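A short worksheet on the structure shown next.
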Amino acid sequence: MIDVHAVTIDYGQGEQTVRAVENVSFHLDKGKSLALIGPSGCGKTSLLFALSGLLYPRSGRITMGGEEVNTPRRDVALILQNAGLLPWKTVWQNANLSLLLNGEFPQQNAAEVLAHLGLDSVMKRFPAELSEGMKRRVGIARALSTSPSVLLMDEPLASLDTLTREKIQDLFLNLWHEHGFSLILVTHNIEEAAFLGQRIIVFTDRPARISAIVDNPQMGALDYRERSPFQAVMSQLREALEA
Ligand SMILES: Nc1ncnc2c1ncn2[C@@H]1O[C@H](COP(=O)(O)OP(=O)(O)OP(=O)(O)O)[C@@H](O)[C@H]1O
Ligand SMILES: [Mg+2]
């Protein structure tokens, strides 16, 4: 379980202090998914960095499985907004980068994950030869290559066209069902939050405070985008963001 307790995040000291996140608390049970949505610049990435152990809160506490998060953990993977691919490495090498850098061999399911993401025919290609959607999928494959128990994603599908985005969201939902990791997704996109978040937290303007929590129990249902609960969750989110 992930437990975020009264977390406040500041940058800088004294008069120059910029408060990014204020008194945010929530928890997430193992294997569940949570989407974080809020206005641009409100503090979402800062919160994700704190969850990944890259940044330490000014006050409050984050624990995973009862242990305080104060440094990056091996069982937590982070997908940043631009997939962060190395241009001089192939798709296969990029996807397995964390393992190869540690002198480890890709696990058996590495090829399966790439195939699942439709990347098996481009394993030897370089990032410059890929479409934007393919690059994002390589980023997802990389995050899954270490079999994380927690996956943190920062706008992983931003600036993709709607159909590509929905296709990757569908793939992603399958991977989540199959692998059973806990998921925290930061997004600007109301549809993405409603499609991938079993629960959605809406933040205020900076400093990010929780302004609403929307439960989305039907998430993952067949053809969910066509269903009325999906539309209802989206209107709730729109209202909360406009408030
Ligand atoms: N290293 C830093 N030093 C000082 N201020 C920072 C730093 N990083 C972020 N900030 C400020 O903290 C606030 C929150 O930033 P953050 O990146 O967490 O927001 P965000 O919600 O992810 O924004 P976006 O939706 O645009 O990605 C912003 O006002 C930003 O300018
Ligand atoms: Mg951000």
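Go through segment 1-32 and give me each residue that's within 16 Å of ligand 1 (Cβ to nearest atom) and over 15 Å from LEU51 (Cα atoms).
Once the filter is applied, which keeps residues that are within 16 Å of ligand 1 (Cβ to nearest atom) and over 15 Å from LEU51 (Cα atoms), segment 1-32 yields TYR11, GLY12, GLN13, GLY14, GLU15, GLN16, THR17, VAL18, ARG19.
Can you tell me which residues in segment 189-243 are among the small types (Gly, Ala, Ser), crowded, with 19+ Cβ neighbours inside 10 Å and within 21 Å of GLU166 (Cβ to Cβ)?
ALA193, ALA194, GLY197
Which of the residues belonging to segment 128-148 are assigned to a helix (DSSP H, G or I) and open to solvent by 10 Å² or more (accessible area, probe 1.4 Å)?
Passing the criteria: ALA128, GLU129, GLU132, MET134, LYS135, ARG136, ARG137, ARG142.
Tell me, please, whether a residue that is touching a residue at least 60 places away in the same chain (Cβ under 8 Å), open to solvent by less than 20 Å² (accessible area, probe 1.4 Å) and within 14 Å of the chain's Cα centre (by Cα) can be found in segment 10-33.
Checked against the condition, which is being touching a residue at least 60 places away in the same chain (Cβ under 8 Å), open to solvent by less than 20 Å² (accessible area, probe 1.4 Å) and within 14 Å of the chain's Cα centre (by Cα), segment 10-33 yields at least one hit.
Residues that are within 16 Å of ligand 2 (Cβ to nearest atom), at least 2 per element: which helices (runs of 4 or more DSSP H) completely within segment 4-119 meet that?
44-51
Taking the conditions exactly as written (more than 16 Å from ligand 1 (Cβ to nearest atom), touching an Asp or Glu at 6+ places or on another chain (Cβ under 7 Å) and open to solvent by less than 60 Å² (accessible area, probe 1.4 Å)), does THR45 satisfy them or not?
Numbers: more than 16 Å from ligand 1 (Cβ to nearest atom): no; touching an Asp or Glu at 6+ places or on another chain (Cβ under 7 Å): yes; open to solvent by less than 60 Å² (accessible area, probe 1.4 Å): yes.
Considered against the rule, which asks whether it is more than 16 Å from ligand 1 (Cβ to nearest atom), touching an Asp or Glu at 6+ places or on another chain (Cβ under 7 Å) and open to solvent by less than 60 Å² (accessible area, probe 1.4 Å), THR45 comes out as no.
The values are calculated or read from the model by the stated rules, or taken from the named source; none is laboratory data. Here the structure is a predicted model, which is why all the values come from computation and not from measurement. Backbone-built Cβ (ideal geometry, glycine too); neighbour counts: all protein chains shown. For the accessible areas, the whole protein counts, side chains as well, though only heavy atoms, and no ligand, DNA or RNA atoms are used. Shrake-Rupley method; radii C 1.70, N 1.55, O 1.52, S 1.80 Å.
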